[in-house]
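*Asks:* Below is one structure. I have some questions about it.
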Amino acid sequence: MTPNILIVDDHEVVRQGVRSVILKSRPGWSVCGEATNGKEAIQQAVALQPDVIVLDISMPIMNGLEAASQILKLAPSSRILIFTMHETERLVRDIRAVGAKGYVQKSRAGLDLVHAIDSLLGGDTFFGNEVKSTSNPGDASKSGLSFLRSFCCA
């Protein structure tokens with residue numbers, strides 16, 4: 001059975017990068033849909049019933065944590081992987097509290113994204129490098145740019 005993945009991020013170039021990483025690494029996987037905000041994510045999750053949802057946190061209309069909470073009520077078999085530039089202990093606690101099965105920092109997408117999806121598909125969680133301290137917001141911005149450069153400008 002082909003795993004189906006829904007990609008949710010408000011930036012088109014990020015969605016394209018995630019799609020590229022996934023399909024180049026695992027040609028047998030399918031990206032069944034995309035959404036640009038939390039409200040669309042809920043609609044797509046209910047309609048498509050994906051195995052894994054790669055879900056950004058910072059989006060317009062409804063953020064990823066709010067969307068994750070609703071998605072897990074309406075599409076409980078979907079596993080949610082939060083995809084974010086941010087990394088704080090509180091965020092990891094919040095991600096776990098809503099029922100997401102893991103998270104990947106955008107700056108580590110090339111290293112961790114496929115492994116994290118594999119873990120979720122196998123029934124495990126993926127919380128990679130547990131957070132030790134609060135990140136500098138400037139570092140998060142640089143991390144996001146690094147992620148985009150690795151997929152868009154090669």
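Read-outs throughout are calculated quantities, based only on the coordinates presented, and are distinct from any laboratory measurement. All figures in this text were calculated on a predicted structure; none of them were measured in a lab. Glycine gets a Cβ as well: all are built from the backbone with ideal geometry, and neighbour counts include every protein chain shown.
*Asks:* Please report the orientation-averaged projected area of the range 1-131, defined via the convex hull of its C-alpha atoms, in nm².
*Replies:* Projected over every direction and averaged, the Cα hull of the range 1-131 covers 6.8 nm².
*Asks:* Please report Met62, Met1 as a ranked list, fewest other C-beta atoms within 10 angstrom at the top and most at the bottom. Kindly include the intermediate steps, with their values, before the conclusion.
*Replies:* Working: Met62 15, Met1 5.
Ordered by Cβ neighbours within 10 Å, fewest first: Met1, Met62.
*Asks:* For a quick check: sort Arg108, Arg93 by the number of other beta carbons within 10 angstrom, fewest at the front.
*Replies:* By the 10 Å Cβ count, ascending, the order reads Arg93, Arg108.
*Asks:* In whole Å, what is the distance between the alpha-carbon centres of the range 21-49 and the range 60-99?
*Replies:* 15
*Asks:* With 10 angstrom as the radius, rank Lys73, Lys39, Lys101 by how many other C-beta atoms surround their C-beta, starting from the fewest. All intermediate terms of the calculation are to be shown ahead of the outcome.
*Replies:* Values: Lys73 10, Lys39 16, Lys101 23.
By the 10 Å Cβ count, ascending, the order reads Lys73, Lys39, Lys101.
*Asks:* If the reach is capped at under 20 angstrom between alpha carbons, list the aspartates and glutamates near Lys73, excluding any in the same chain fewer than eight residues apart.
*Replies:* Glu34, Glu40, Asp51, Asp56, Asp94, Asp124
*Asks:* Please name which of Phe83, Met59, Ser30 has its Cα lying farthest along the dipole of the range 1-126 towards the positive end, using unit charges on Cβ (Lys, Arg +1; Asp, Glu -1) and the Cα centre as origin.
*Replies:* The residue sitting most towards the positive pole is Ser30.
*Asks:* Tabulate in residue order the Karplus-calculated ³J(HN,Hα) for the range 57-74, using 6.51 cos²θ - 1.76 cosθ + 1.60 with θ = phi - 60°, rounded to whole Hz; enter x for Gly and Pro.
*Replies:* With coefficients 6.51, -1.76 and 1.60, one gets 8, 8, 9, x, 6, 8, 6, x, 5, 5, 5, 4, 4, 6, 4, 5, 7, 9 Hz.
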